Amino acid sequence: MGQFQLYFQLGIQHILDLAGFDHILFVVALCALYVLRDWKKIIILVTAFTIGHSITLALATLQLVKVNADLIEFLIPVTIVITAMSNIIKPKPSTGRGIQVNYFFALFFGLIHGLGFSNYLRSLLGKEASIFQPLLAFNLGLEVGQLVIVAIFMVASSILIGIAGINRKDWTLVISSIVLGMAFMMMLESKYW
């Protein structure tokens, strides 16, 4: 159980690390459209993202997929820019009961983000005999870390929208614009250029 707990904690710490805030920005961009009562949609959205990055994280860690690390480090902020731009263009979530397009975006963008984690996880695993348990623990830690970010963001949103009376559309536009600007700067600073 010690190995599982170690990788679980590493997954949480990796997500909550402020030095690597790109993931935090992406989760905030995903949640910017929603309020606390939309918690089921948010959990589906974040879990779709986790599934996406779990797939490519496993494939890349097993060295079944190899992608240029500089390209991935460029594409990660691109996914954040696209998500934030989508929020700005359409600052309200879909009201339909069917599967929302956001879920597919989260899943697809998760595939890209998972490739970014793979070098980190591969260096942690070293020459482990079996990577299934560490990979599972790490991914579960990532999911829990994301849910912590979601909880903090959604409580802050609820306070500002519900109690302070800030307009929900304005809140979405401001948060998405801030995330867009930060992600755009990350794109420009990328080694890919």
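Table for the structure above
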read-out: Environment charge at residue 160 (Cβ cut-off 12 Å; Lys +1, Arg +1, Asp -1, Glu -1); value: 0
read-out: Surface accessible to a 1.4 Å probe, per residue, for the residues of the stretch 3-187, Å²; value: 50
read-out: Overall Cα dimensions of the chain - principal axes, largest extent first, Å; value: 54, 41, 32
read-out: Loop-resident sites, the stretch 1-95, for trypsin sites (Lys or Arg not before Pro), counting at most 14 other Cβ within 10 Å (DSSP); value: 66
read-out: Which listed pairs, of 92/191; 41/169; 66/191; 41/66, have C-alpha distances above 23 Å, in listed order; value: 92/191; 41/66
read-out: Rough spin-label spacing in nm, given labels placed 7 Å along Cα→Cβ, for residue 90 and residue 19; value: 3.9
read-out: For the stretch 5-44, average projected area of the Cα convex hull in nm²; value: 3.5
read-out: Net charge contributed by nearby residues that have their C-beta within less than 14 Å of residue 56 (K/R +1, D/E -1); value: +2
read-out: Cα-based equivalent ellipsoid, the stretch 67-181: semi-axes from gyration tensor eigenvalues, Å; value: 32, 17, 14
read-out: Kirkwood-Stokes translational diffusion coefficient of the stretch 121-193, alpha-carbon pairs, 25 °C, 0.890 mPa s, µm²/s; value: 156
read-out: 19 Å tail of the calculated P(r), the stretch 2-91, as % of Cα pairs; value: 52
read-out: Charge dipole (debye, nearest 20) of the stretch 1-111; +1 at Cβ of Lys and Arg, -1 at Cβ of Asp and Glu; value: 580
read-out: Rounded percent of accessible protein surface that carbon and sulfur make up, the chain, 1.4 Å probe; value: 69
read-out: Relative contact order (%) - the chain, alpha-carbon pairs under 8 angstrom, separation at least six; value: 44
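The values are calculated or read from the model by the stated rules, or taken from the named source; none is laboratory data. Since the structure is predicted, the reported quantities are computational estimates derived from the model, not experimental observations. Glycine gets a Cβ as well: all are built from the backbone with ideal geometry, and neighbour counts include every protein chain shown. Side chains included, ligands, DNA and RNA excluded: accessible areas come from the protein's heavy atoms. Shrake-Rupley method; radii C 1.70, N 1.55, O 1.52, S 1.80 Å.
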